[in-house]
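First up is the structure itself, then whatever we jot down about it.
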Amino acid sequence: MNESYINYSLSIAKDGLYCNGSKEVDLQQEGLIEKLDSIYDSQIKDYPKYYRMDGMAKLVFILGDLICARTKICDDIDGSDLAFVMLNATGSFPSDSIHNNLIMDGFERASPSNFVYTLPNVGMGEVCIKWKITGEGLFLIEDEFSANCICEIADLFLSQGKCKAIVIGWAEPTENEGNCIFLISNKGKGINLLNTEKNILKIRKNE
Amino acid sequence: MKVFVGAENIISPLGNTAEESFNNVINNKSGVKEHWISKQKYALARINREEYSYTGSFWQHLLRSSITDSLKKVNVSGDITYVVSSAKGEIDNINKSVDKFGLSHSVGAVLGANPKYFCVSNACISGLLAINLAYDLIRAEKANTVVVAGIDLISDFVIAGFRSLYALDDERCKPFDQRRKGLNLGEGVGTCVLSSDESIFKETPIEFLGGFSNNDANHISGPSRTGEGLKKAVNRALSASSITPDFISAHGTGTNYNDGMEAEAFYSLGLNSIPINSLKPNFGHTLGAAGTIETIISMQGLRNNVIPGTLGFKYAGTEKEINVHQDSRNVETESFLKTCSGFGGGNAAGIFRKL
Amino acid sequence: MSSEEKSLLKSHIINYLNLEDVKQEEIQDAASLFGDGLGLDSIDALELIVMIEREYNVKISDPSMGKEILYSVDTIANYIFTQK
């Protein structure tokens, strides 16, 4: 069986942004959105559409953008060979709530720019636009974080030849910590972590 | 390894079985009707809930009923994996204080704690992505038999949203037609079973030759003008199967941009002479269910040697001309290509062939 | 529209479109808002239609007319003025 490797990992913990297990950015803010905005301001700052995104799209965008920037994966392989998969439990809950509240006063109160974010894969679409990622994409909903599912899907996509590398992660905006993203491929034997449940869990817990 | 698909069911405004919906489609019936909400006219394809006896959630009832019907059409001894696709799930729960919110919990309420299942929530391409995922799981020997169900209901949430995008036609939608003004919202569930074991199916299955998805990387709610993502996905499907399909079941929502993009993509791939249809005038746009419902109708087309038409089509209205017919036609059919496109820049394509 | 009113219009544009990093002074009256200008897209156009209805009670019922009306702050201001 082909083994796959975690080439890079990012995790947003209560106290900071961790890259491959080490804290790279200190985060003192209480809430997740404040943390994300702070990361955007200090690390990215080149995608103005960030500001019209809801909490979910911001989270996906930050995770996806940072991993593409740090790994330069889009220089190594063609955009059509990079798969992008994200998972969470509550879908597009932040913009769902906003939209739902707005329309209580009538359909005409809906905001088109909010409504387009009421689909959990749209934040992924923003990352694809910025990095010209044109490969396979998928958004899955799980009851709760599952390292097993992340491993399994990554292995599935790689073994079935759907991609040369996969960016896969968990983006749950109702959770203040534990949101993470991984670049996984068949390359990196020895120097990278093996793609296993145990390793995925360790990275998520910043151990 | 071959992957077979069959045991199909549809519950929609056009019937409670795949056969019923299919017969209504080829008899030019539409579930799209006029509805008035707060003094504004909408064209919606609604299921009449009063025709069903259920308690609690209608969404869960539909999903359960459809899966139950499909399972009656197979003899499975081992474990079953499920893949359920839905763009908005039980979105009305957002107004209730539910214990657990989310598509996976809704599906769990229907399937119970034991079965292994995946939930796909990827806008309008979800249904076909679910079929593709089932195929991959089977080919990777992670599953033997996979039940795929795509389901979405019409809600104020979705109506108000598409309204704000000026994406709705207040009359029946006219895909690929000069007069097209937008989409109609629809609802329903489409279920089918995939397996590497042909013998589990009580009625001869269809062969699924593989499905692919690609992103436009262009705009989050508008397709690439040249249909780059769709072209890639279709190309990969055609290469993997090495066949030229007898007809194409397109996405064809009836919006200006989508239909123009699809025509552009099919034309540039040299597929413009192949009969192309859209089933959205019959079912409306069923979002996360579209990929499964429309695939199943097309499968029925293969079974009955009929190429479904595009109801109401009259005047070719895309810059690149493609082969669209209003009426269904009795023609020997061996295979079809199904495509879907959706918000977030996703595009999916899959090829199905009669055994 | 007076320059004060235009200033208010610009602040509405910034608010409705979440243009966090953009200051009123940076939006030139006659400059194109779409394409190269502020880089707005079709969703922003729809949001501007909502803004114009909400803040000025002026309806744009056909979004395809939007391209001309929404070209710049000046064209928006002119349209609002002619509709009132």
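Quick note: the coordinates plus some simple rules give every number you see, no bench work behind them. Everything quoted here is computed from the prediction, not taken from an experiment. All Cβ positions, glycine included, derive from the backbone under ideal geometry; neighbour counts span all protein chains shown.
Every helix of 4 or more DSSP H residues in chain A counts as -39500 (n - 2.57), and over all residues that averages to -10500 deg cm²/dmol at 222 nm. In a DSSP loop and with at most 15 other Cβ atoms within 10 Å, the GluC sites (Glu not before Pro) in the stretch A:15-70 are A:30.
Look at the stretch B:314-320: the mean tally of other chain Cβ atoms within 10 Å of its residues' Cβ atoms is 0. Of all the Cα-Cα pairs you can form in the protein assembly as shown, what percent are over 34 Å apart? In whole percent, the long-distance tail amounts to 41.
Count Lys and Arg as plus one, Asp and Glu as minus one, and take only other residues whose Cβ is under 14 Å from that of residue A:128; the net charge is then -3. Count Lys and Arg as plus one, Asp and Glu as minus one, and take only other residues whose Cβ is under 13 Å from that of residue B:22; the net charge is then -2. With a cut-off of 12 Å between beta carbons, the residues surrounding residue C:52 carry a summed charge of 0, where Lys and Arg count +1 and Asp and Glu -1.
Among the residues of A:139-152, the average count of other protein chain beta-carbon atoms within 10 Å of the residue beta-carbon is 4.
Note on the protein assembly as shown: antiparallel DSSP beta bridges, both residues inside, total approximately 65 percent of the bridges counted. Counting every other Cβ atom within 10 Å of each residue's Cβ, B:285, A:99, B:105 order from fewest to most as B:105, A:99, B:285. Put a plus charge on the Cβ of each Lys and Arg, a minus charge on the Cβ of each Asp and Glu, and nothing anywhere else: the dipole of the protein assembly as shown about its Cα centre is then about 1220 debye. When only Cα pairs below 8 angstrom with a gap of at least 6 residues are kept, chain B shows a relative contact order of 24 percent. The stretch A:101-140 and the stretch C:8-78 have Cα centres spaced 21 Å apart.
Taking all Cα pairs closer than 8 Å and separated by 6 or more residues, the relative contact order of the stretch A:5-204 comes to 33 percent. Between the stretch A:19-81 and the stretch B:46-75, how far is it from one alpha carbon centroid to the other, in angstrom? The two parts, judged by their Cα centres, are 42 Å apart. When A:62, A:203, B:125 are sorted by how many other C-beta atoms sit within 10 angstrom of their C-beta, beginning with the fewest, the order is A:203, A:62, B:125.
Extent of chain C along its three principal axes (Cα atoms, max minus min coordinate, largest first): 30, 28, 20 Å.
One Cα centroid belongs to the stretch A:148-206, the other to the stretch B:283-314; the line between them spans 37 Å. Using only alpha carbons, chain B has a radius of gyration to Kirkwood radius ratio (Rg to Rh) of 0.94. Cβ crowding within 10 Å ranks B:209, A:87 as B:209, A:87, fewest other Cβ atoms first.
Listed values for the stretch B:89-98 are Karplus-derived 3J(HN,Hα) couplings in whole Hz (6.51 cos²θ - 1.76 cosθ + 1.60, θ = phi - 60°), namely x, 8, 5, 5, 4, 5, 8, 10, 8, 8, and x replaces Gly and Pro. State which entries of B:39/C:10; B:181/B:338; A:49/C:67 exceed 30 angstrom in Cα-Cα distance in the structure shown. Among B:39/C:10; B:181/B:338; A:49/C:67, the Cα-Cα distance tops 30 Å for B:39/C:10.
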